[in-house]
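Step one of this worksheet: look at the structure below.
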Amino acid sequence: MDCPGCQGQDLRKTGRKDGAQRYCCRSCGRYCTDRPRRFSPQTKAKAVEMYVNNVGIRKIARFVGASPAGVLRWIRKEHAAVQARRARSGPACEGDADIVEMDEIYTFVQKNSSGR
């Protein structure tokens with residue numbers, strides 16, 4: 001087993017949590033367990049692709065089987081990675097969008113039927 005932080009092999013056992021063995025990396029100090037990740041990178045990429053194609057976060061979460069907060073975390077992480085790639089590649093082209101803003105707040109206002 002490798003450390004997920006630094007890919008090091010020097011791990012020491014630090015007890016159990018919820019039935020899973022915990023390890024601490026001696027190189028970087030990061031803790032990890034021997035359980036596999038719940039969602040594959042392909043599933044996360046599909047969720048981000050669905051978001052880019054105007055599917056709501058709650059619907060993506062239902063489709064994938066994750067929490068809406070988890071899906072939002074995946075989207076924010078991908079956004080940060082895109083921004084980092086864009087910063088490394090240099091200035092943006094004239095035709096590229098700088099800010100894309102999406103909102104999922106729906107409101108409903110009902111008119112008072114009594115007429116007062």
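The values are calculated or read from the model by the stated rules, or taken from the named source; none is laboratory data. Values in this document were obtained by computation on a predicted structure and should not be read as measured data. Positions of Cβ are generated from backbone atoms using ideal geometry, with glycine treated the same way; all protein chains shown enter the neighbour counts.
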Which of the residues belonging to the range 1-55 are acidic (D, E) and touching a Phe, Trp or Tyr at 6+ places or on another chain (Cβ under 9 Å)?
D34
Selection count, the range 1-38, where residues are within 23 Å of the chain's Cα centre (by Cα) and of a type in the set (S, T, N, Q):
2
Among the residues of the range 62-87 satisfying the criterion of being of a type in the set (V, I, T) and surrounded by 14 or more Cβ atoms within 10 Å (Cβ to Cβ), which is nearest to E49 (Cα to Cα)?
I75
Could you list all residues from the range 29-54 that are of a type outside the set (G, A, S) and surrounded by 14 or more Cβ atoms within 10 Å (Cβ to Cβ)?
R30, Y31, C32, T33, F39, T43, K44, K46, V48, M50, Y51
Any idea which of (1) modelled with pLDDT under 90; (2) in the same structural domain as G5 (by TED's automatic domain parsing); (3) surrounded by 10 or more Cβ atoms within 10 Å (Cβ to Cβ) is the one M102 doesn't satisfy?
(2)
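Yes/no matrix, rows are residues, columns are (1) modelled with pLDDT of 90 or more; (2) polar (S, T, N, Q):
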| position | (1), (2) |
| --- | --- |
| R35 | no, no |
| T43 | yes, yes |
| R58 | yes, no |
| F63 | yes, no |
| S89 | no, yes |
| A92 | no, no |
Among the candidates G5, G15, single out the residue that is loosely packed, with under 14 Cβ neighbours inside 10 Å, in contact with a Lys or Arg (Cβ under 8 Å, 6 or more places away or on another chain) and either within 21 Å of V82 (Cα to Cα) or in contact (Cβ under 8 Å) with a residue 40 or more places away in the chain (or both).
G5
